[in-house]
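The values are calculated or read from the model by the stated rules, or taken from the named source; none is laboratory data. Note that the structure is predicted; figures quoted are calculated from it, not measured. With ideal geometry, Cβ positions are generated from the backbone for all residues, glycine too; neighbour counts draw on all protein chains shown. The protein model used for the area step is the full one, side chains on, heavy atoms only, and it has no ligands, DNA or RNA in it. Shrake-Rupley method; radii C 1.70, N 1.55, O 1.52, S 1.80 Å.
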Amino acid sequence: MNMALDAQSEFSDEALLVLYGNGDDRAARALAARLLPRVLSYATRVLRDPAEAEDVAQEAMLRLWRIAPEWRQGEAKVSTWLYRVVANLCTDRLRKGRMADIDAVTEPADDSPGAEAQLQQAARLAALDGALAELPERQRQAVVLRHIEGLANPEIAEILEISVEAVESLTARGKRALAAALAGRREELGYDDG
Amino acid sequence: MTMADERMTDTDELELLFAAARDAAPVPSDGLLARVLADAEAEQARPAPALIRPEGGLLARAMRQIGGWPALAGLATATLAGVWIGYAQPAGLDGLTDTVWQGDAAGYDLVEMIPSLDGYLTEGGV
């Protein structure tokens with residue numbers, strides 16, 4: 001593998017996409033290394049089903065490969081475009097009701113040794129996922145993009161195709177609802193230790 | 001504990017949970033990565049998209065070169081007018097023709113630009 005085109009390379013996502021569109025197959029590897037983890041993370045948090053999230057991630061990347069020859073440079077960030085594809089794919093799947101029951105899927109437990117702290121961490125994450133699953137779909141997407149993926153509000157507005165004010169409103173309401181859902185579980189999740 | 005303290009604590013906990021979720025982000029499996037790269041390779045192998053290829057056949061492309069149907073209509077009109085003028089010889093054209101041609105009186109002056117070949121043939125005295 002050419003190290004100049006790995007995930008840490010200086011090339012922008014857009015430059016890599018253009019290289020890929022021009023027939024450079026190393027650019028695909030670099031783009032996948034850079035974008036696939038983000039796409040998968042977002043889809044997993046929103047869908048709560050690892051298999052469905054993998055499907056969505058693969059489909060979103062496929063659409064990226066297909067758009068490459070026609071990509072219009074300078075119009076949108078590649079990652080923003082890709083997040084929007086994932087958001088729409090997740091919305092489709094959630095609305096089709098094909099998702100597993102929200103209580104049926106939990107994070108795979110980490111059973112490595114000496115892991116009381118890890119067990120507690122797993123319990124916390126499961127609690128967060130459970131609380132996220134209770135949120136209305138758009139709130140959930142906005143909260144995941146803002147607080148887990150760490151994106152800025154204007155970018156989230158572009159991804160969800162709503163105004164920045166609407167993003168602020170969604171994330172604020174989402175956080176309030178999460179706080180309320182988790183309020184009764186503070187002791188259970190080990191936040192009263194200190 | 002006041003309500004404000006309570007809310008603050010909730011927010012802190014949420015931030016901790018979000019941070020934990022960021023740390024525990026799923027890593028794409030080798031299988032998924034392989035499928036994604038196989039898709040990339042398959043898409044790259046496809047022929048260039050149709051919109052890059054010129055549409056239509058030779059005639060359609062020639063039409064686009066000269067400006068499409070409106071240009072062709074103008075061209076056809078000009079052609080027909082030329083044919084009509086050639087055959088009908090409208091009276092008004094005679095005057096113009098005479099001016100340019102200056103009638104039979106002026107005639108042609110035939111100038112021999114190249115001397116007769118005989119000169120060269122006799123030069124050698126053969």
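Tabulated data for the structure shown
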| item | result |
| --- | --- |
| Residues within the stretch A:46-57 that are assigned to a helix (DSSP H, G or I) and more than 9 Å from chain B (Cβ to nearest Cβ), tallied | 6 |
| Any chance A:I148 is touching a helix residue (DSSP H, G or I) at 6+ places or on another chain (Cβ under 6 Å), open to solvent by less than 40 Å² (accessible area, probe 1.4 Å), within 19 Å of A:Y83 (Cα to Cα) and away from chain B (no Cβ under 14 Å) | no |
| Hits in the stretch B:15-30 - residues which are within 7 Å of another protein chain (Cβ to nearest Cβ) and not hydrophobic (A, V, I, L, M, F, W, C) | B:R22, B:P26, B:P28 |
| Qualifying positions in the stretch A:151-163 - open to solvent by 50 Å² or more (accessible area, probe 1.4 Å) and either farther than 18 Å from A:L89 by Cβ or small (G, A, S) (or both) | A:A152, A:P154, A:S163 |
| Single condition A:V105 does not satisfy, out of (1) surrounded by fewer than 17 Cβ atoms within 10 Å (Cβ to Cβ); (2) of a type outside the set (G, A, S); (3) modelled with pLDDT under 90 | (1) |
| Failed criterion for A:A60 (all others in (1) crowded, with 17+ Cβ neighbours inside 10 Å; (2) among the hydrophobic types (A, V, I, L, M, F, W, C); (3) outside any helix (DSSP H, G or I) hold) | (3) |
| Any hit, the stretch A:70-80, residues being at pLDDT below 95 and at the interface with another protein chain (Cβ under 8 Å from one of its Cβ atoms) | yes |
| Counted residues, the stretch A:132-174 - those being of a type in the set (A, V, I, L, M, F, W, C) and free of Cβ contacts under 8 Å to residues at least 40 places away in the same chain | 11 |
